[in-house]
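Below: one structure, written as structure tokens.
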Amino acid sequence: MSSTIAPGVVTGERYRTLVGAAKSGGYALAAVNVTTSSTVNSALEAAATNRADIIIQLSNGGAQFFAGQGMPDGFQAKVLGAVSAARHIHLLAEHYGVCVVLHTDHADKSLIPWVEAMLDHGERAFEQTGQPLYSSHMLDLSAEPIDWNLNESARVLERMAKIDMSLEIELGVTGGEEDGVGSDVDDHADPRLYTQPEDVLQAYDLLTPLGDFSVAASFGNVHGVYKPGNVKLRPEILKNSQALIEKERGAGLNPLNLVFHGGSGSEKSQIAEAVSYGVFKMNIDTDTQFAYSAPAKPYVDEHAKAFLHQIDPDDGTPYKKQYDPRKWVRKCEQGMAARLAEAFDDLGSAGKTIAG
Ligand SMILES: [Zn+2]
């Protein structure tokens, strides 16, 4: 390993260093969606245990849940939940001894105000601490015409670059939906599921002078997990986009920082192929949601009475130690952490932390 950096949340130059280490090292970072401090801590624990740097991200719905579904103003909850999660992670991440990238997930046209409100907080944090709250936000304007998508992405990137932030954009459509944002495109014959390399070149030319960005390129990937055979991945689309920019702009190998959405349920060989074409980030949500929830079932089955009675109605046995949420929530955290360990193996990031 060429260089190490301090553990904790990485932004700006340190984020660039981490992305560079992943790409040159031939591995990618797992980007896991979280919704609570419990899922955050599970992600941090998995990263620490496996010595893998990690990307922790929130969708707008996840951020709202982090603030609390009972908060009366839903928009405010989406903003403050994102701020609260970021502060939680900034405080704890360095103590887990790994590098953590803080990200937000899909924001379509209607959610641009959410991103800008988070940037208000990010700019304040940058003034006060020299570091923004988030390493990167995502703007997914892929449902809009390409020129509008790129011009709006450019406008927001200019603002973000001033506080050492990176922007993830989307070109082409990821099928399925992620937390209310997404498309009903799920027919793999639909050309919109496959990013056009010419669009990627246009994005590269417009955004490269403005700041750091990454591209969620569509190669048939779909959010969620479906029956085998329903999703036809074509990772060569990623290769073709990289090749066009290498050729047209004389850039080195894999000049683009690519993001793989809809990683849940994907075949391991296609994950490896995508990583070889410059994917440094793979999003995982559906599989970790299942891994978190599944352990609750056997626990509740095994301790069924404790979920019906505080004290056994027949023999008076107190069940407090069994229904204490820490008991069963801990099983959920361990389930999610185990699934993340598998993701780190698939992506080649286990044991590769650059934190030192
Ligand atoms: Zn996505």
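The values are calculated or read from the model by the stated rules, or taken from the named source; none is laboratory data. Predicted model, so just to flag it, every value in this text is computed and none were measured. Every residue, glycine among them, receives a Cβ derived from its backbone with ideal geometry; neighbour counts consider all protein chains shown.
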* Quick check, is GLU123 in contact (Cβ under 8 Å) with a residue 24 or more places away in the chain, assigned to a helix (DSSP H, G or I) and within 19 Å of SER349 (Cβ to Cβ)? -> no
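What tally of residues in the stretch 99-114 results from selecting those that are touching a residue at least 12 places away in the same chain (Cβ under 8 Å) and more than 14 Å from TYR15 (Cβ to Cβ)?
In the first step, residues of the stretch 99-114 are kept if they are touching a residue at least 12 places away in the same chain (Cβ under 8 Å); the result is 99-109, 111-114.
Next, only the ones that are more than 14 Å from TYR15 (Cβ to Cβ) stay: 104-109, 111-114.
Adding up the residues that qualify gives 10.
Condition test on ALA46, is it more than 16 Å from the ligand (Cβ to nearest atom) and in contact (Cβ under 8 Å) with a residue 60 or more places away in the chain? Let's see the steps before the verdict.
Details: more than 16 Å from the ligand (Cβ to nearest atom): yes; in contact (Cβ under 8 Å) with a residue 60 or more places away in the chain: yes.
So ALA46 passes the test.
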* Asked: Restricting attention to the stretch 202-230, which residues are β-branched (Val, Ile, Thr) and at pLDDT 80 or above?
  -> THR208, VAL215, VAL222
* Asked: Which of the residues spanning the stretch 166-196 are away from the ligand (no atom under 16 Å from the Cβ), modelled with pLDDT under 95 and touching a strand residue (DSSP E or B) at 6+ places or on another chain (Cβ under 9 Å)?
  -> ASP187, HIS188, ASP190, GLN196
* Enumeration of residues in the stretch 214-236 that are out of contact with any Asp or Glu (no Cβ under 7 Å at 6 or more places or on another chain), closer than 24 Å to PRO145 by Cβ and within 16 Å of the ligand (Cβ to nearest atom) -> VAL215, ALA217, SER218, PHE219, GLY220, ASN221
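Please enumerate the residues belonging to the stretch 252-287 that are within 16 Å of the ligand (Cβ to nearest atom) and of a type in the set (S, T, N, Q). So that I can check it myself, show each step before the final result.
Pass one, the stretch 252-287, residues within 16 Å of the ligand (Cβ to nearest atom): 257-266, 271, 274, 279-287.
Once the filter is applied, which keeps residues that are within 16 Å of the ligand (Cβ to nearest atom) and of a type in the set (S, T, N, Q), the stretch 252-287 yields ASN257, SER264, SER266, ASN283, THR286.
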* Condition check for GLN322: within 16 Å of the ligand (Cβ to nearest atom) and over 16 Å from ASN221 (Cα atoms) -> no
* **Tally, over the stretch 293-307, of residues that are more than 30 Å from the chain's Cα centre (by Cα) and closer than 20 Å to ASN41 by Cα** => 0
* Return the residue satisfying two criteria in turn: it lies in the stretch 96-116 and is part of a strand (DSSP E or B) and more than 16 Å from the ligand (Cβ to nearest atom), and of such residues it is farthest from VAL34 (Cα to Cα). => CYS99
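Scan the stretch 118-147 for residues that are more than 16 Å from the ligand (Cβ to nearest atom), of a type outside the set (Ser, Thr, Tyr) and buried (at least 22 other Cβ atoms within 10 Å of the Cβ) and jot them down. It would help to see each step written out before you state the result.
Kept after step one, since they are more than 16 Å from the ligand (Cβ to nearest atom), are these residues of the stretch 118-147: 118-135, 144-147.
With of a type outside the set (Ser, Thr, Tyr) added as a condition, the list becomes 118-128, 130-133, 144-147.
If the condition is that a residue be more than 16 Å from the ligand (Cβ to nearest atom), of a type outside the set (Ser, Thr, Tyr) and buried (at least 22 other Cβ atoms within 10 Å of the Cβ), then MET118, GLY122, PRO132, LEU133 are the ones that fit.
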* Output for the stretch 238-273, where each listed residue is among the aliphatic types (A, V, I, L, M) and modelled with pLDDT under 95 -> LEU238, ALA251, LEU253, ILE271, ALA272
* Inter-residue pairs, beta-carbon under 6 Å, first under 20 Å from VAL34 (Cα atoms) and in the stretch 258-286, second within 16 Å of the ligand (Cβ to nearest atom) and basic (Lys, Arg), 6+ apart -> VAL259/LYS281
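Rundown of residues vs (1) touching a Ser or Thr at 6+ places or on another chain (Cβ under 8 Å); (2) surrounded by fewer than 20 Cβ atoms within 10 Å (Cβ to Cβ); (3) under 16 Å from LEU44 (Cα atoms), yes/no style:
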site: GLU273; (1), (2), (3): no, yes, no
site: ASP287; (1), (2), (3): yes, no, no
site: HIS309; (1), (2), (3): no, yes, no
site: LYS327; (1), (2), (3): no, yes, no
site: SER349; (1), (2), (3): no, no, yes
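For the stretch 26-70, which residues satisfy the criterion of being of a type in the set (Val, Ile, Thr) and under 15 Å from the mean Cα position of the chain (by Cα)?
From the stretch 26-70, those of a type in the set (Val, Ile, Thr) are 32, 34-36, 39-40, 49, 54-56; that's our starting set.
Answer for the stretch 26-70, where residues must be of a type in the set (Val, Ile, Thr) and under 15 Å from the mean Cα position of the chain (by Cα): VAL32, VAL34, THR35, THR36, THR39, VAL40, ILE54, ILE55, ILE56.
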* Pairs under 6 Å by beta carbon, first residue farther than 19 Å from GLU198 by Cα and small (Gly, Ala, Ser) in the stretch 209-226, partner within 16 Å of the ligand (Cβ to nearest atom) and not in a strand (DSSP E or B), six or more apart or different chains? -> GLY224/GLY176; GLY224/THR286
